[in-house]
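What follows is a single structure, written as structure tokens, with notes after it.
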Amino acid sequence: MQTRTPGTPGADRPVQIFQVSTLYGAATVAAALDAGRFGAPDDARRLLLVSNNAEIPETALRLEEMTGYDRIAARFDGTIDWNEAIRPHHPGTWAPRPEEVPLWQRVFRTAWGLGGVPVHLVVESIQVNPAKALAAVFAESGVDVYADGLMSYGPTRDELPQSIGCRVRRLLHLDLVPGLRPLLLAETGVEPELVPDDAFRAVLAEIAAAADGDRLVAAAAEAAPTAVLLGQYLAALGILTPDEEEDLHVRMVRGAAAAGHRSIVFKPHPTAPARYSLALRQAAEHAGVRLTVLDGPLLAETFYERCRPRLVVGCFSTAMLTAAVYFDVPLARVGTGTVLERLTPYENSNRVPLTVVDHVVPDLETGAAPAVPGPAPDTLGPLVRAVGYCMQPRLHPGLRDETAALLTDGGLTERYVRRERLTELGLPGGDPRRHASRLRR
């Protein structure tokens, strides 16, 4: 992707830089823009900074190749390729050395035509690069954070440097679990702010409209599927082995077939490695169902819009909750228990999304009826806060007493926090002798 920056008109206006790495995140930003969360279009120049954070960016699907990207990019005055800007470094690892920060800011201001105007940053995942590096370069800029999915409900992965944390103004997030308050950045006093449902729904419809005439979408829709199965990239993250992830997908096929669905679509994750599974097709054939693999460069939400399925099955994908909240599609889960057992370290950022789905979505393999989860049950908030404390106790010491009380009352079981972790934190349910030994050491 070539960097595209605006010409001289309006060059003296403040600049807003929006950093995105996924189309779902870009859609969230677009909805916030449309809802007026960043002021009027003439208040500032808006630049879209795109980063490809895949392990090997050169072989991964690029964001601008995703169906509907052009419609999102049209909202901005220019686009910037972050990978190109820091080449040959990787976006996930590069950060400026402190003594080089002024130099790098001068380089980027010149290359991107920013001049000396004030810059405001809007980033995802502020605790890691590239967002953290961008905030370090523009050391005097205010920062807004937007949450790309269910991870907003979990704690911040790492404690932010004071020089960055004090500049974060707000957390913008989707209301994927109505009534559940995000833990992300709560330790800094940042207030969460909802991106309006109607604005995000309108952006999803706009992206879906870009798929008009798409051959893959049309072929999948012709199969008249009633269920959509969502793949993830758990093997690529080292959470499951490739064979275990393949088995997880096979279990989804069998579960959907047992629930009475005769035509199903499997949607791999956009950033998952290409892996065409003979076992998946064999499972569908054995179950007597028609399987269509939809591996084109599009969001699962685009297919929801086109196909209106009656069931969405996944492990703990954000797209599951999107189906329920914005399309009123019933959900079912497969494999959350397995992943809860395998997820390491305990601080893994996937733990809270996994916990949320495990708690509110019916298990397909137990015969439970799929359902639209609706508002967060009263049990979910305390559970998420307790798991969040066990993940990051130093960031949320005020949650310790509440967590201990929940453990005493049986509201936090070993399914969500292992005895070893309780022992390590000196919480009820742990081994007090081992904890005392740790303290002496």
Output the qualifying pairs, or none if there are none: Cβ atoms under 8 angstrom, residues six or more apart or on different chains, first residue in the stretch 128-144 and over 15 Å from Glu100 (Cα atoms), second residue among the basic types (Lys, Arg) and in a loop (DSSP other than H, G, I, E, B). Val128/Arg157; Ser141/Arg167; Gly142/Arg167; Val143/Arg167
If the requirement is being closer than 25 Å to Pro91 by Cα, of a type outside the set (Asp, Glu), modelled with pLDDT of 95 or more and out of contact with any Pro (no Cβ under 6 Å at 6 or more places or on another chain), which of these qualifies: Arg71, Arg62? Arg71
Go through the stretch 125-151 and give me each residue that's part of a loop (DSSP other than H, G, I, E, B) and more than 24 Å from Ala31 (Cβ to Cβ). Asn129, Phe138, Ala139, Glu140
Working only within the stretch 55-102, note down all residues that are within 23 Å of Lys132 (Cα to Cα) and of a type in the set (S, T, N, Q). Thr79, Asn83, Thr93
For the stretch 337-356, check the following and say yes or no: at least one residue is among the aromatic types (Phe, Trp, Tyr) and closer than 30 Å to Arg400 by Cβ. yes
Given (1) over 17 Å from the mean Cα position of the chain (by Cα); (2) crowded, with 22+ Cβ neighbours inside 10 Å; (3) outside any helix (DSSP H, G or I), number of the condition Ala256 does not satisfy: (3)
Flagged pairs (Cβ under 7 angstrom, 6 or more apart or on separate chains; first in the stretch 95-114, touching a residue at least 12 places away in the same chain (Cβ under 8 Å); second among the polar types (S, T, N, Q) and part of a loop (DSSP other than H, G, I, E, B)) are Ala95/Asn129; Trp112/Thr5; Gly113/Thr5
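For the stretch 119-135, which residues satisfy the criterion of being of a type in the set (Gly, Ala, Ser) and either within 22 Å of Asn350 (Cα to Cα) or under 15 Å from the mean Cα position of the chain (by Cα) (or both)? Walk me through how you get there before you give the answer.
Our first condition is that a residue be of a type in the set (Gly, Ala, Ser); within the stretch 119-135, this holds for 125, 131, 133, 135.
Those that are of a type in the set (Gly, Ala, Ser) and either within 22 Å of Asn350 (Cα to Cα) or under 15 Å from the mean Cα position of the chain (by Cα) (or both): Ser125, Ala131.
With respect to Ile72, is the statement that it is closer than 30 Å to Asp198 by Cβ, surrounded by 19 or more Cβ atoms within 10 Å (Cβ to Cβ) and of a type in the set (Val, Ile, Thr) true? Give the derivation first.
Details: closer than 30 Å to Asp198 by Cβ: yes; surrounded by 19 or more Cβ atoms within 10 Å (Cβ to Cβ): yes; of a type in the set (Val, Ile, Thr): yes.
Criteria met by Ile72.
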Please determine, by comparing only the residues of the stretch 50-60 that are out of contact with any Gly (no Cβ under 6 Å at 6 or more places or on another chain) and buried (at least 17 other Cβ atoms within 10 Å of the Cβ), which one is nearest to Asp34 (Cα to Cα). Val50
Please determine, by comparing only the residues of the stretch 63-93 that are of a type in the set (S, T, N, Q) and in contact (Cβ under 8 Å) with a residue 40 or more places away in the chain, which one is farthest from Ser51 (Cα to Cα). Thr67
Output for Cβ contacts, cut-off 8 Å, separation at least six or different chains, first residue of a type in the set (S, T, N, Q) in the stretch 416-433, second surrounded by 18 or more Cβ atoms within 10 Å (Cβ to Cβ), reads Thr423/Gly430
Of the conditions (1) farther than 19 Å from Leu354 by Cα; (2) hydroxyl-bearing (Ser, Thr, Tyr); (3) without any contact (Cβ under 8 Å) to a residue 60 or more places away in the chain, the single one that Tyr233 does not satisfy is (1)
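Restricting attention to the stretch 377-423, which residues are of a type in the set (Gly, Ala, Ser) and surrounded by 22 or more Cβ atoms within 10 Å (Cβ to Cβ)? So that I can check it myself, show each step before the final result.
Step one: list which residues in the stretch 377-423 are of a type in the set (Gly, Ala, Ser), which gives 381, 386, 388, 398, 404-405, 410-411.
Ala386, Gly388, listed by residue number.
The values are calculated or read from the model by the stated rules, or taken from the named source; none is laboratory data. In this text, all values refer to a predicted model and were calculated from it rather than measured experimentally. As a convention, Cβ positions derive from the backbone with ideal geometry for all residues, glycine included, and neighbour counts pool all protein chains shown.
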